[in-house]
Amino acid sequence: MKIKSYLQSTFILITFFYSFFVSAQKRDTSQDYIPSEENLIAREWFKEAKFGLFIHWGVYSILGDGEWVMHNQKVAKDAYEKLPSFFNPIEFNAEEWVQIAKKAGMKYITITSRHHDGFSMFDTNASDYNIVKKTPYKKDILKDLALACEKEGIKLFFYYSLLDWNRDDYFPRGKTGNEIAGRAEGNWNEYIAFMKLQLTELLTNYGPIGGIWLDGHWDKKDANWDYKEIYELIHKLQPSCLIGNNHHEGSKPGEDFQMFEKDLPGKNTTGWATPADDISKVLPLEVCETINGSWGFDLQDKKHKSTGELIRYLLSAAGYGSNFLLNVGPMPNGKIQPEHIVLLEKIGDWLKENGETIYASKAGPFPPTESRVSTMRNNKVYVHFLDSNKNVYSIPNNNLKIKSVVLFKTQNKIKYKLTPEEVLLYIPLEEIDDIDTIVQINLKK
Ligand code: JFZ
């Protein structure tokens, strides 16, 4: 009897400590979500990739007024639903897009599979409102793109909108799209079920998918999005698929990367950026920005960024250890705007020479500023001086064990002077590059 109760209490004690230990561990590893081995490997790939092409393309492209046109112009549902019948991108060539990305030095493509207008740019059984059923083009462009990406070794990510201005079951409605006439009431659970069906298709019919880029949470912040189940579904279908959600909040369990829209991590020029305190210290980061002023094709948009601006954006992101996802909005005929192709080519040329300082790099030892960013790889620190025109530069003396300092481009030694607080670098004026002057600091092993 005594032995029995002794054994019983020992058992209870062990169970208690075991469950305490396990739950503490779980809490530790990002609140309940333990990424799979494949997922962790994919994250490493992603961190090294550094540069991707974002593509916003849909029936909205026809109107040449951005992807928010349905909301902005308050286009009634029945009027908007005429658009698919004009969508016939006969000049679309997936291989060409992938080549453009590849030549730009990009390693992945993230394309809108369905945006807020609710139109599916792929073959789906979950709704007839899709490219195959409703357009004269009749072809699944994601299929073509997936094949071309696979052939060229480019990873494919799908942007997928949580927000929908077309479906009645996106109800109760959120902050946007309320002036679109013709919307009726429906059942939210059906909407969630619809999204699960589509995500299942996207992760079943197109081969290995690099990631799912969710967007629209901010439209209905307090809704029950069923993330736990949605994230589990995605990871069950493709364990290595990286999940990101553009909710502008701290990362939630199940997410594998964190994105920053139109702002470098911690900056808030937009007014709705992710708070600096919520930047993940573990997850890969990705900054996205458009090549001009709009995501979807805008006929009148002339705010094309310069090659220098774009390279400096890429560099600044890398200085935060972040990827850069650069957007183009192809035209309704299926072509990417020629001026954007030229810009992308120029970035690619620059990366051919200087990619070593970006790809597979980590954030360098000096916090990024407007005029200087640093990256590092193995025992090399790369200090990038942006937009510069002087010949003496100061960087903090972080007790770096300097072996030598060279100009990256020529690999010629440059003079430097150490003081307790700083390292002074003397770069010959004729070596200064107006986009980026790179100093390479070789560290002792
Ligand atoms: C979102 C989309 O709405 C946009 O069309 C594009 O796809 C971009 C990449 O992501 O942009 C947002 C997200 C949130 C807000 C504004 C734009 N917001 O909270 O105001």
Counting only residues in region 213-240 that are aliphatic (A, V, I, L, M) and within 16 Å of the ligand (Cβ to nearest atom), the one farthest from Leu156 (Cα to Cα) is identified as Ala223
Counting just the residues of region 286-319 that are within 17 Å of Ile109 (Cα to Cα) and within 15 Å of the chain's Cα centre (by Cα), which one comes out farthest from the ligand (Cβ to nearest atom)? Leu314
Considering region 274-285, residues that are among the β-branched types (Val, Ile, Thr) and out of contact with any Pro (no Cβ under 7 Å at 6 or more places or on another chain), and then whichever is farthest from the ligand (Cβ to nearest atom), we arrive at Val282
Can you tell me which residues in region 394-445 are of a type in the set (Ser, Thr, Tyr) and surrounded by 12 or more Cβ atoms within 10 Å (Cβ to Cβ)? Ser394, Ser404, Tyr416, Tyr426, Thr437
Of all residues in region 209-262, count the ones that are farther than 23 Å from Val287 by Cα, touching a residue at least 24 places away in the same chain (Cβ under 8 Å), in a loop (DSSP other than H, G, I, E, B) and not polar (S, T, N, Q). 4
Out of region 403-421, which residues are of a type outside the set (Lys, Arg) and at pLDDT 95 or above? Ser404, Val405, Val406, Leu407, Phe408, Thr410, Gln411, Asn412, Ile414, Tyr416
Just need a number here: residues in region 300-326 that are surrounded by fewer than 22 Cβ atoms within 10 Å (Cβ to Cβ) and not in a loop (DSSP other than H, G, I, E, B). 5
In region 383-397, is there at least one residue being more than 20 Å from Thr357 (Cα to Cα), in a loop (DSSP other than H, G, I, E, B) and among the acidic types (Asp, Glu)? no
Mind checking whether some residue in region 136-154 is touching a Ser or Thr at 6+ places or on another chain (Cβ under 8 Å) and farther than 19 Å from Asn205 by Cα? yes
The condition from (1) in contact (Cβ under 8 Å) with a residue 60 or more places away in the chain; (2) buried (at least 16 other Cβ atoms within 10 Å of the Cβ) that Val282 misses is numbered (2)
From the options Ile34, Ile41, residue that is away from the ligand (no atom under 16 Å from the Cβ) and in a helix (DSSP H, G or I): Ile41
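Residue-wise test of (1) of a type in the set (Asp, Glu); (2) surrounded by 22 or more Cβ atoms within 10 Å (Cβ to Cβ).
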{"residue": "Lys74", "(1), (2)": "no, no"}
{"residue": "Asp78", "(1), (2)": "yes, no"}
{"residue": "Phe92", "(1), (2)": "no, no"}
{"residue": "Tyr137", "(1), (2)": "no, no"}
{"residue": "Leu142", "(1), (2)": "no, yes"}
{"residue": "Leu147", "(1), (2)": "no, no"}
{"residue": "Glu152", "(1), (2)": "yes, no"}
{"residue": "Asn166", "(1), (2)": "no, no"}
{"residue": "Asp169", "(1), (2)": "yes, no"}
Those residues of region 250-273 which are within 11 Å of the ligand (Cβ to nearest atom) and either surrounded by 21 or more Cβ atoms within 10 Å (Cβ to Cβ) or of a type in the set (Asp, Glu) (or both), in sequence order: Met259, Phe260, Glu261
In region 373-422, anything of a type in the set (Phe, Trp, Tyr) and in contact (Cβ under 8 Å) with a residue 24 or more places away in the chain is listed as Tyr382, Phe385, Tyr393, Phe408
Which numbered condition Ser85 fails, given (1) more than 25 Å from Met195 (Cβ to Cβ); (2) in contact with a Leu (Cβ under 6 Å, 6 or more places away or on another chain); (3) not aromatic (Phe, Trp, Tyr): (2)
The correct count of residues that are touching a residue at least 40 places away in the same chain (Cβ under 8 Å) and over 21 Å from the mean Cα position of the chain (by Cα) in region 185-208 is 4
For region 170-190 the number of residues that are of a type in the set (Asp, Glu) and within 24 Å of Gly244 (Cα to Cα) is 1
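The values are calculated or read from the model by the stated rules, or taken from the named source; none is laboratory data. Model, not experiment: these values are computed from the prediction. Every residue, glycine among them, receives a Cβ derived from its backbone with ideal geometry; neighbour counts consider all protein chains shown.
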